[in-house]
1. Here's a check for you: in segment 43-84, which residue that is touching a helix residue (DSSP H, G or I) at 6+ places or on another chain (Cβ under 9 Å), surrounded by fewer than 18 Cβ atoms within 10 Å (Cβ to Cβ) and among the polar types (S, T, N, Q) is nearest to Leu209 (Cα to Cα)?
2. Against the conditions (1) within 29 Å of Thr105 (Cα to Cα); (2) of a type in the set (D, E, K, R); (3) assigned to a loop (DSSP other than H, G, I, E, B), where does Asp152 fall short? Just the number, please.
3. Give me a count of the residues in segment 55-99 that are within 21 Å of Gly167 (Cα to Cα) and of a type outside the set (D, E, K, R).
4. In segment 190-204, what residues are surrounded by 15 or more Cβ atoms within 10 Å (Cβ to Cβ) and out of contact with any Pro (no Cβ under 9 Å at 6 or more places or on another chain)?
5. Any idea which of Tyr192, Tyr166, Tyr186 is out of contact with any strand residue (DSSP E or B) (no Cβ under 6 Å at 6 or more places or on another chain), touching a residue at least 60 places away in the same chain (Cβ under 8 Å), closer than 16 Å to Gly40 by Cβ and not hydrophobic (A, V, I, L, M, F, W, C)?
6. Looking at this structure, is Phe151 among the aromatic types (Phe, Trp, Tyr), modelled with pLDDT of 95 or more and within 18 Å of the chain's Cα centre (by Cα)?
7. Only one of these is touching a strand residue (DSSP E or B) at 6+ places or on another chain (Cβ under 7 Å) and not aliphatic (A, V, I, L, M): Phe21, Phe25. Name it.
8. Being among the aliphatic types (A, V, I, L, M) and farther than 30 Å from Thr232 by Cβ is the filter here; which residues of segment 94-142 pass it?
Amino acid sequence: MKFEHKLNHLLSTNGATKNQFDSYFDLETDTQLEVLRSCGLNIISKHNKFYYETESMPIKEATFCVVDIETNGSKPENHQIIEIGAVKVKDGKIIDTFESFVKCTQIRKQISEITGIWVEDTKDAPKLEDVLKKFLLFLGDDIFIAHDIKFDYNYIDASLKQVGLYGLRNRGICSIDLAQRFITSYRYGLSYLNEFLNLYKDASHHRALSDAITTAELFKLIYKEIPPHLKTVEDLIRHSKHSKMKKRPKFDPLKEV
């Protein structure tokens, strides 16, 4: 169940009437709102219209959940998550973390060499369904942030559906998009930004919690630069997608002598 572009626009800006909202769903309004809430998406009613709660939620009051996953392949229909890491950030401060291996019987040698995760490391880990349930409890209705959000968000969404759970509906922000609009950098890959900005000195690239912490540190840096005119979470989401990107330097400052 994906929102049509028009409904998404209405809920995040001027609001949707009850008729507009109901036209996209088969369930009764109150039931549908409860289903969406259970999937991490709060929709509120004001002035006889429906809005995302984030449309009026001050950025300072929001909790952002920075997520990273490691997988044994790029396609969730053929592969699976082998590790999840997540970090909650509120008002520019880390307030909680989540980390878990996922039981797995096959990991290609190439992936093990990149991630440092071997099948032996996951033999005592919970199965995918149990890890996802714990992760959902941790995530709640927070705003989902990831470095290249399409991969992490969509992979988790597909994995949830595979084990018979509802998919994700949390509002989301890509930290690459944010970085491109707040930070002048030659590249925007996480490893490069970590070295360029000295984000997390103990980083272990391609490990879930480490990459989530590194991304959280990046978000904390960006958070300090959010201008006053961006007041709500939806303001920040729109800014991350539609505002002008920083101009990249012609030469890599990390390679300059």
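The values are calculated or read from the model by the stated rules, or taken from the named source; none is laboratory data. Predicted model only: the values in this text are computed from it and were never measured. Glycine gets a Cβ as well: all are built from the backbone with ideal geometry, and neighbour counts include every protein chain shown.
1. By that ranking, first place goes to Ser74.
2. For Asp152, the failing item is (3).
3. Looking only at that region, the number is 21.
4. Result: Leu190, Leu193, Asn194, Leu197, Leu199, Tyr200, Ala203.
5. One residue alone meets the criteria, Tyr166.
6. yes
7. From the options Phe21, Phe25, the qualifying one is Phe21.
8. Selection gives Val102, Ile107, Ile111, Ile114, Ile117, Val119, Ala125, Leu128, Val131.
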